[in-house]
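Colleague: Got a structure here, written out as structure tokens. Questions coming.
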Amino acid sequence: MAASSYGDSVRSAVGYHGGINVDAAKSFNANNVSPSKLVTWVESHDTYANDNSESTGLNDWQIKMGWAIIASRAETTSLFFNRPTGGGKFANRLGDAGNTLWKDPDVVAINKFHNAMVGQDEYIRTQGNQIMQVERGTKGMTIVNLGGNAQINSPTRLEDGVYQNKANGGGSFTVSNGRITGHLDGGRIAVLYSAAQQTPSVSVDPGEGAFFTDSVNVRMNYSNADSATYTLNGGPVTPFSSGDMVSIGAGTPIGSTFVLKIVAANLSGQTEKMFRYTKEEPSSGMTVHFYKPSGWGVPNIYYYDDSMTPLREGSAWPGVAMQDEGNGWFVYRAPDWTQAKVIFNSSGNQIPGSQMPGYAVSGERWIKEGRITPQNPNGTKPTVPIDKPEGTFQGDSQEMLNYTDVDSGT
């Protein structure tokens, strides 16, 4: 059965006959005929081209918004009228291609929604007289906003999750505990189904590595998860809330290693991560000496450890200023680090150069002109041993001078 009067109601809903009022498009006005037996449209060839010009004055936006209402609904068969190209009701010859409104991204998104929702019942909600929500089972929803920019905050039967808008307006909507929230610009459509499954994520602070006190307090965080647990060195499984802390290492000997395992889960799955901590001597750590090139100001040191995931940084680029220890040398001590890669920089200068990895260092190291040494290369005094005592010698000449730990001698 052709639901002609419903088409007139939809045109009224989108403001063709006066003010916008989405309530006009709720009822099919089909004398109690089952929706499964109805053919619906925003306009047909008759309403477009008849002598009364019933729908000829509809603009493309009104057609598209009306289509979003009728094609989102359950059971009915909806027809999209392809208007002639150009001006006037009879601009085309019979058989010529019509205009391309049917290719509009919003029309395409609504059509895909219509096909994806086969078998789902419908529930219609309105927000004022300018916004209609057509909800299909617990799987999807379209939102047609005929007014201005709007915040959507409504009850819903949709499953919890984040739904990306598949229509041209973009953005996302969040469903949680029976409510849907999000922003929809004026005159736009939202097409929502297939909630994005978010993977749980976990993190710790401080990150894994060495610690130099009797114990370390580690804050455990998670997101996109319904629950989380931790175990320490294979011990009991303990539930925790994001932001809780666990103390590691108290009373244990130097050199003890601890493995913190965190598991966070939601309906779509779980994430499991291991974090390793080692108790080190308080006096240990990393000390870096750097010989400043000529023309540099006070150098900064940027240090990081890329042997773990995620990468551990001492501080964000460009790092921290080093301390002057005289004779062109600068020093930085990181008591809670045992190894790192280091990059030095000052006033646009950088060693190693841009896009190059840092120098790998551990313990205490001196770096001068690209050379890395375990002791100060300038700190060893030259020696000049004389392998024969002073005094007389017989013969034309005598060899008796040697030197060590020096670059040149005279």
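Colleague: Against the globular-protein guess of 2.2 N^0.38 Å, express the Cα radius of gyration of region 1-75 as a ratio, rounded to two decimals.
Modeller: With N residues counted in region 1-75, Rg over 2.2 N^0.38 Å equals 1.03.
Colleague: Based on the Cα atoms of region 151-212, what semi-axes does the equivalent ellipsoid have, where each is the square root of 5 times one gyration tensor eigenvalue, given in whole Å with the largest first?
Modeller: The answer is 34, 14, 11 Å, longest axis first.
Colleague: A further question follows. With N set to the number of residues, divide the alpha-carbon radius of gyration of region 65-210 by 2.2 N^0.38 Å and report two decimals.
Modeller: In units of the globular-protein estimate, region 65-210 measures up at 1.32.
Colleague: Taking region 193-283 on its own, what percent of its Cα-Cα pair distances exceed 14 Å?
Modeller: So the portion of pairs separated by more than 14 Å is 64 percent.
Colleague: Now, a different point. With equal scatterers on the alpha carbons only and no solvent term, can you work out the Debye log10 of I(q)/I(0) for region 247-325 at 0.17 1/Å?
Modeller: Results for region 247-325 at q = 0.17 Å⁻¹ read -0.93.
Colleague: State the volume of the convex hull built on the alpha-carbon positions of region 68-134, expressed per residue in Å³ and rounded to an integer.
Modeller: That works out to 123 Å³ per residue.
Colleague: How large is the accessible surface per residue of the chain, computed with a 1.4 Å probe and reported in Å² as a whole number?
Modeller: 53
Colleague: While we're here: Could you give the C-alpha radius of gyration of the chain expressed as a fraction of 2.2 N^0.38 Å, taking N as the number of residues it contains?
Modeller: 1.74
Colleague: For region 260-315, which whole-number percentage of the solvent-accessible area (1.4 Å probe, protein heavy atoms only) is attributable to carbon and sulfur atoms?
Modeller: Answer for region 260-315 is 47 percent, counting heavy atoms of protein chains only.
Colleague: Right, something else. Summarise the accessible area of region 54-196 (1.4 Å probe, protein heavy atoms) by the percent that is carbon and sulfur.
Modeller: 48
Colleague: Continuing with this model, one more query. Once the principal axes of the Cα atoms of region 232-292 are found, what is the range along each, listed largest first in whole angstroms?
Modeller: 55, 34, 18
Colleague: From the cross-link list K341/K368; K26/K64; K26/K103; K279/K341, which pairs have alpha carbons spaced over 19 Å apart?
Modeller: In this structure, K26/K103; K279/K341 lie more than 19 Å apart at Cα.
Colleague: Which is farthest toward the positive dipole end of the chain among H114, N32, N300, measuring Cα position about the Cα centre, with Cβ charges +1 (Lys, Arg) and -1 (Asp, Glu)?
Modeller: N32
Colleague: Would you work out which of P310, T199, S354 lies farthest towards the positive end of the dipole of the chain, given +1 charges on the beta-carbon of Lys and Arg and -1 on that of Asp and Glu, about the Cα centre?
Modeller: With unit charges placed on the Cβ atoms, the residue in question is T199.
The values are calculated or read from the model by the stated rules, or taken from the named source; none is laboratory data. Just so we're clear, the structure is a prediction, and the values are computed from it rather than from any experiment. Note: ideal-geometry Cβ built from the backbone for every residue, glycine included; neighbour counts use all protein chains shown. Side chains are part of the model used for accessible areas, which takes the heavy atoms of the whole protein and leaves out ligands, DNA and RNA. Shrake-Rupley method; radii C 1.70, N 1.55, O 1.52, S 1.80 Å.
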